[in-house]
């Protein structure tokens, strides 16, 4: 930044000097010309002869000197600009190749002032599941199985999918649409197609990856296939640029079927030798190539108009057997290499079929998965029966054969079946749940509850192990009341789940709850059990421990400029005042702070002294009544007068190269240490009431910290996909 200012100042100085010299030179010429006789006689006294010659020579000399000076100045400016550009290019190249990794390694450490041995340790065994979008293995017993997620995380299983280990290689953050394993290298050479990022190749079993997208006309990959007997050949379909083939193990690509297939490819599969290839499109139906992708011919499926082909599978036991799934519902089965077809009986399948696979080892039967999370089985491809249904919102992304049977990649993790009919969850080790909230029992600090996108999970051993205790639905907040037995969980569908036995049994309550997302739950810290709920539709109160609710939005008015749509009354954060029962301070999304002194019956806007109306978290030190507010871009503010005035206190929360992002959560420990969880820079702690913040990231699995709580003598933090506990020595 200093160098940038120096360059700007130098350029401005030299430009001013050049303008000064040019202006003065022109002025001398004008003065000289005013004394030269014109056509109609003389003007003034006139100059002539040697005097005029001398003046002209002087002006010419000054012009030459001025021109020389300008040339030198511009050369100097050019050198400075070139040097700056060189430094910029070198910095960009360094950051792209190594700098980002260096900076990230530093971010995942503690500040120098933190005591040695202080680190976060994983405390989430059992918090397993989450979307798995692709799965693949070699169809032999004991072969490695690979699973890819919606965030380009890769897991491997050495026991046919019974449990999984994260590989931890670099991630693009996009979802994996296909994985292929080279059988010649015992599963160590793996290729993955990632939507929005391209094709990646690993030669060490997924530990490291390199981009191998040269020749691909698009990064919007939709499917991937490789012949089992010719692993150097790969076919990759895209959603907007057609089908591509690689004949060197994925290191380079070229387009195939440009004239016939169109741009939108949905599915692809190839025979063992790679000679026969089927491609399913979104616009023009099914095509086949019998020369390895050289030429293509359309296949007329018996569904009327050419449907969108969503899934294709060639039976490895008999490659003349081919199955396809199509939009609108139904499957097609061919027993002669695609020349004639049988279709599933009308009404036996829903309209959202997504994937189909033959059973392994020549076993009779097929499995089909749908976009609505159903798994079907058929012995002949004609009649189908529902064998498994994921919870609401479920989705089957793909199917794969393993040495022990079938595997299904779903939005709820991996499921396995030996016969295609009986399915069981098989996601041990896959930590891809989306976590949203954490709560501890006030009676027993070893009992914790986690809000996840697949239900409420409970730990009875201080986070050492977890298990799901509610139905599998999207939970975004959780609260344990003072009795330690009543547990409330806010959902993303406009209801609150309520349990009075510590989470063993639940009922859903939705009457009078505003909005859809119940994102915040809190109770009055003393006195009768009054519970507050903050949603994307306002504020609600329960006087009977969450059994019934009442909307209380009077005075919560969101304002916008004239002509803009009326915003929702969405609650971003709120905080019951421990010193004054009935008083609640609330942050209305993008609107600043409000206060009520009668449990929400009436709200009044607080004239805040903060520089931003975007306040994402609130906390209080119960011993000093000091309030903390976490904002979206301005760090942390502190109030010592009940929220009337605020002062910014964010030293150490961010740097030029590493901004904190939103402060998602703030917690005050009994020893007066304050913890702040940020969206982009992990955890910071303050040991001086928020004056100075220090980085506390050693051991964190990622930097998006959603929630921090203090339970008993422990501090727990929840990131996007995991729970950690602070360990000190």
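Read-outs: derived from the displayed coordinates by stated rules, not from any lab. All values derive from a computational prediction rather than experimental measurement. With ideal geometry, Cβ positions are generated from the backbone for all residues, glycine too; neighbour counts draw on all protein chains shown.
Quick notes on this structure:
- Residue list for the range 400-422, given a label point 7 angstrom along the Cα-to-Cβ vector of residue 379 and an amide N cut-off under 16 Å: 419-422
- Extending 7 Å from the Cα toward the beta-carbon at both residue 83 and residue 248 defines two label points whose distance is 4.3 nm.
- The range 548-594-the range 272-328 distance, computed between alpha-carbon centres (Å): 56 Å
- Normalised contact order of the chain, rounded percent, pairs of Cα under 8 Å and 6 or more residues apart: 8 percent
- Residues 170, 492, sorted so that the one with the fewest Cβ neighbours within 10 Å comes first: 170, 492
- Per-bin percent of Cα-Cα distances, the range 203-344 [10 Å]: 12, 44, 33, 10, 1
- Percent of alpha-carbon pairs separated by more than 19 Å within the range 407-459: 44 percent
- Per-bin percent of Cα-Cα distances, the range 142-252 [5 Å]: 2, 13, 25, 26, 20, 10, 3, 0
- Length gained on full extension, residue 305 to residue 482, computed as 0.36 nm times the residue gap minus the Cα-Cα distance: 57.4 nm.
- Shown here are the Rg and Dmax of the Cα trace of the range 435-727, at 17.9, 55 Å.
- When the P(r) is computed for the chain, the part past 49 Å accounts for 35% of the Cα-Cα pairs.
- Full extension of the segment from residue 505 to residue 602, taken as 0.36 nm per residue of separation minus the current Cα-Cα distance, would add 31.4 nm.
- Burial ordering of 486, 410, fewest other beta-carbon atoms within 10 Å first: 486, 410
- Rg and Dmax, both from the Cα atoms of the range 132-425 and both in Å, are 17.2, 47.
- Residues 353, 707 arranged by fewest to most Cβ contacts within 10 Å: 707, 353
- With the cut-off at under 18 Å, measuring from each backbone N in the range 202-230 to a point 7 Å along the Cα-to-Cβ line of residue 122 picks out 206-208.
- Debye equation applied to the C-alpha atoms of the range 472-539, log10 I(q)/I(0) at 0.26, 0.28 Å⁻¹: -1.19, -1.30
- Convex hull volume of the Cα atoms of the range 240-297, normalised per residue: 76 Å³.
- Computed [θ] at 222 nm, deg cm²/dmol, the chain (DSSP H ≥ 4; -39,500 (n - 2.57); rounded to nearest 500): -4500 deg cm²/dmol
- Alpha-carbon Rg with Dmax, taken over the range 349-503, Å: 18.6, 59
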